[in-house]
Each structure stands twice: as C-alpha cells, then as structure tokens.
Amino acid sequence: MKYNLNDRLPIPQLALYGIQWFILSVAVVITSVFVAQGTDAEKLFYAQKLFGVMGITGLIQILWGHRLPLVVGPAAVLLVGVLSSLGAGAGSNAIYTSIALGGVLVALLTFGNVMSMVQRLFTPRIIIVILMLIAFTLTPVIKGLVFPANASHAEHSFGLVFALVGCVAMVIMNRCLKGVAKSLVIPIALLLGSVLYYTLFPMPEYVESDISAKGMIIGHAEFDASLIIAFVICYIALLINDIGSIESLGAMLGAEDMPRRLKRGVRITGAMNIVAGALGVLGPVNYSMSPGVVASTGCASRYALLPATILLMLCALSPQLIWVLTAIPSPVIGVILLFLMGTQFAASFEMLHSTASVKSFSDGMTIGLPLMLAMLFQLMPRGIVPAIIEPLVCNGFAMGVISVIIMEHVINRERRN
C-alpha cells in the first residue's frame with residue numbers, strides 16, 4: 001500500500017482519491033433512487049435526502065465509527081423490503097416507521113457482548129467468501145445497469161460494447177499508470193463514457209425539486225405488526241452485511257482494535273437508520289466493494305473518503321447537481337462497477353493465497369458451495385417462500401454468509417479439532 005489506514009494525504013492526492021471515492025459513492029446511491037414515490041419533483045427531493053443521509057453517515061463512520069475506508073450507501077436488503085411492501089399495498093409511513101424501528105434494533109445489539117460473540121464467527125475463510133459474495137450478488141444489479149429494462153436495442157448495444165472496450169481499457173490503464181495517476185482510471189472512464197453516451201442518445205429533461213415541510217419527514221409514525229416483522233428479518237440481513245463489510249476490510253488491512261471498530265460502526269449504522277426512517281428514505285449500510293478500490297489504487301487511507309462524504313452532503317443542498325449526477329448513464333455506472341468487482345475478486349484471491357485458507361477439498365467446499373447457494377437464492381423466483389421471510393431468503397449475500405458460517409463452524413468444524 002502506498003498509503004495506509006491512518007495516513008494523511010497531501011492535498012493533490014487527497015483531491016484525486018477523493019474524486020474517485022465520490023464517483024463510487026454516487027454510483028452506489030443513485031442505484032436506489034428509483035424507489036422514490038410521487039412526482040418527478042418529489043423523487044428529486046427524495047434523492048436529495050438520500051444523498052444527505054449517506055454523506056453524513058460516511059463522515060461520522062470515517063472519523064468516529066469504524067474508521068475504515070468503507071463506502072456507505074442505501075442498504076440493498078431494505079430496497080428489496082420496501083419494494084415488496086409497496087407491492088403488497090403498504091403505506092410509506094408504515095414502511096419508514098418500520099425502518100426506524102429496525103435501526104433501533106441494530107443499535108441495541110451493539111451493547112453488551114453481542115458484537116464480540118459475532119466477531120468470533122468471522123474466520124479468514126468466511127471473510128474471503130464475503131469478499132467474493134459482494135461481486136457475485138452484485139452481478140444482477142450490474143446487468144440491470146448495463147442493459148436497462150426499458151432501454152432500446154441501440155442502448156443495449158452501447159452497453160455491451162462499452163463493457164468490453166471499457167473494462168479492457170481500465171485494466172490496461174490500471175496496469176500502466178503509476179502512483180496517484182491510478183486514481184484517474186475511474187474518473188476518466190466515467191467522463192468518456194458519459195460523453196460518448198450522450199453523443200449518441202438524448203439527455204433527460206430537468207425538473208425542479210419539490211421541497212416542502214411535509215416531505216422533509218414522514219407524516220406520522222404508523223405501526224404495522226406484520227410489516228415490522230418483515231423488516232426485522234431485513235435488518236438481520238443488514239446486520240450480517242454490515243458486520244461482514246467491516247470485518248472483511250479490517251482483516252484485509254490488518255486494522256487494530258477490530259472489536260471496538262465493529263461495535264462503533266454497527267452502532268452508527270443503527271442510529272443513522274433511525275434518522276433515515278424518520279426522513280422517509282432508505283437506511284444506510286457499509287458496502288464491501290471498497291477492497292476492490294483499495295486493491296486497484298494502493299490507497300487504504302480513510303481520510304481519502306472525507307472529500308467524498310463532504311461532496312455528498314453538498315450535493316444534497318443542490319437539486320441541480322443531484323439532477324446532473326442522477327443523469328449519469330446507467331451503462332457507464334454498470335461497467336465501472338463491473339471493473340471494481342473484478343479487482344475485488346483479485347483481492348479475495350490474494351487473501352486466499354496469503355492466509356493459506358484452502359489446504360483440502362473440504363476447505364474448498366467451504367468456500368465454493370456458499371457462493372453457488374448465494375447465486376441460487378439471488379436468482380430464485382419470487383413467491384416460493386412466505387412473503388414475511390422473502391426479503392431475507394431472496395438476498396443472496398445474506399444467505400451466502402449464513403451458508404458459509406454453517407459450513408465453517410458446523411459441517412466442517414470437526415476437521416480442525
């Protein structure tokens with residue numbers, strides 16, 4: 001690593017790395033904006049609130065929480081829960097009240113010895129699987145970005161060509177560029193891809209944001225027992241995701257005092273989910289795609305994320321800037337995520353080698369089978385399991401983590417005794 005966890009960067013390097021983290025953060029946030037309900041103006045204001053919550057959460061996490069270079073974004077499992085609830089006819093007040101209550105649950109679990117007991121579950125093999133699971137379970141999201149469902153044949157063709165050419169070009173640039181220049185790979189791909197896309201296809205029309213006192217927070221708390229139970233299950237998956245994200249990056253970087261980092265990080269996640277529920281937006285979670293960025297740039301400094309979090313908060317104050325950012329073409333974002341997931345796989349293989357985690361066929365099955373089960377659950381048709389547990393069972397990441405924990409600590413436990 002050129003820069004380690006607590007290294008303070010010179011201003012030029014801080015700006016370059018900060019821009020890269022900002023672009024990645026934007027990519028993470030805007031993939032969940034579509035869950036907003038109402039007019040285009042109301043949806044734009046929803047995006048403003050979402051950017052603000054994610055920026056504030058990231059800043060708190062970097063300075064006082066887990067203090068790791070982790071991207072904060074809307075929890076995908078909550079996105080699934082919200083969409084399922086809306087499809088079942090639930091109201092927004094009941095949904096976001098349940099999200100706030102889920103945040104209370106997560107925050108309460110950080111008191112006592114619960115986190116230390118959970119932390120002991122995460123062996124090197126489990127952390128390696130978590131790193132791989134992120135890439136595996138993001139594949140459908142990447143597919144949806146590169147090949148949007150409502151796009152034309154020409155737009156799909158652009159996505160395919162840009163994926164092939166863009167990924168190869170980013171790999172070559174990442175290999176050839178040295179030092180801080182490596183941080184320019186993603187910004188260059190984003191800029192050139194967007195210019196090419198809008199040279200071929202029209203820009204979307206601008207709309208004004210609808211900022212109103214009523215839209216700032218949810219109208220009133222509304223308690224729906226079945227909905228609360230469904231979101232409790234969602235928050236079990238969110239907790240697994242959050243712990244896995246913090247543990248995997250902490251292990252990769254050899255961070256000290258991980259029990260305290262984990263407890264603080266999860267507690268802030270819970271607290272900010274309460275805030276998000278009150279504001280009527282999706283709650284935040286720590287994303288594990290960060291190892292791919294760290295591995296590709298060689299910069300593990302948490303301070304490199306500070307400009308990104310501040311920019312996210314500033315974006316929340318500017319509807320015009322939010323509109324520009326949400327206008328970044330989906331295929332461009334998808335291809336950038338595709339490249340980053342490739343670097344994440346490389347980081348997991350490097351950790352697999354350095355920890356000598358596979359010494360037998362059983363070790364290999366502990367890693368391989370959960371990955372396949374995760375994809376099965378991720379692609380499973382909806383409606384097979386009861387609706388109350390569907391948000392958990394259809395979350396490939398959560399089910400993959402549960403599977404590898406069972407494989408490591410139950411099925412293959414005897415071989416280490």
Inset, instruction - Label segment 1-136 by shape, choosing from rounded, prolate and oblate, from the square roots a ≥ b ≥ c of the eigenvalues of the Cα gyration tensor; if a/c is under 1.5 it is rounded, and otherwise prolate applies when a/b is larger than b/c, oblate when it is not. - result: oblate
Legend entry - Value at 222 nm in deg cm²/dmol, rounded to 500, when DSSP H runs of n ≥ 4 in the chain each add -39,500 (n - 2.57): -22500 deg cm²/dmol
Inset, instruction - Have a look at T269, T326, T297 and tell me which one the Gaussian network model of the chain (Cα, springs below 10 Å) gives the largest fluctuation. - result: T326
Inset, instruction - Would you mind calculating the relative contact order of segment 2-78 from Cα pairs under 8 angstrom and at least 6 residues apart, reporting the percent as a whole number? - result: 31 percent
Inset, instruction - Using only the alpha carbon atoms of the chain, find the Kirkwood hydrodynamic radius as the inverse mean reciprocal pair distance, in angstroms to one decimal. - result: 21.7 Å
Inset, instruction - Output the DSSP H helices from the chain with an along-axis C-alpha extent of no less than 18 Å and a mean Kyte-Doolittle hydropathy no less than -1.0. - result: 11-30, 40-64, 92-108, 124-146, 153-176, 185-200, 225-253, 258-279, 330-354, 361-379
Inset, instruction - Pick out which of S357, S157, S98 has the largest mean-square fluctuation in a Gaussian network model of the chain, springs linking Cα atoms closer than 10 Å. - result: S157
Inset, instruction - Give me the net charge of V77's neighbourhood, meaning all other residues with Cβ under 13 Å from the Cβ of V77; Lys, Arg count +1, Asp, Glu -1. - result: -2
Inset, instruction - Rank-order 191-199, 135-143 by packing density, defined as the average count of other C-beta atoms within 10 Å over each peptide's residues, highest first. - result: 135-143, 191-199
Inset, instruction - Take the eigenvalues of the Cα gyration tensor for segment 261-417, scale each by 5, and report the square roots as semi-axes in whole Å, largest first. - result: 33, 22, 18
Inset, instruction - Go ahead and set up a Gaussian network model of the chain, Cα springs under 10 Å, then flag whichever of L338, L121, L238 fluctuates most. - result: L121
Inset, instruction - Counting only C-alpha contacts under 8 Å and six or more residues apart, can you give the relative contact order of the chain as a whole percent? - result: 37 percent
Inset, instruction - Would you kindly work out the equivalent ellipsoid of segment 1-47 from its C-alpha gyration tensor and give its semi-axes, the square roots of five times the eigenvalues, largest first in whole Å? - result: 34, 10, 7
Inset, instruction - Please work out how many pairs of lysine residues in the chain are eight or more positions apart (or on different chains) and have Cα atoms closer than 18 angstrom. - result: 4
Inset, instruction - List every residue whose amide H lies under 5 Å from the amide H of V285, counting only residues 5 or more places away in sequence or on a different chain, with H placed 1.01 Å from N in the peptide plane. - result: G73, A75
Inset, instruction - Before anything else, pin down the relative contact order of segment 216-304: Cα pairs under 8 Å, at least 6 apart, normalised by residue count, whole percent. - result: 37 percent
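None of the figures in this text is laboratory data; all of them are computed from the coordinates on show. Keep in mind that what you see is a predicted model, and the values were worked out from it rather than measured. Don't worry about glycine lacking a Cβ; one is built from the backbone with ideal geometry, like all the others, and counts go over all protein chains shown.
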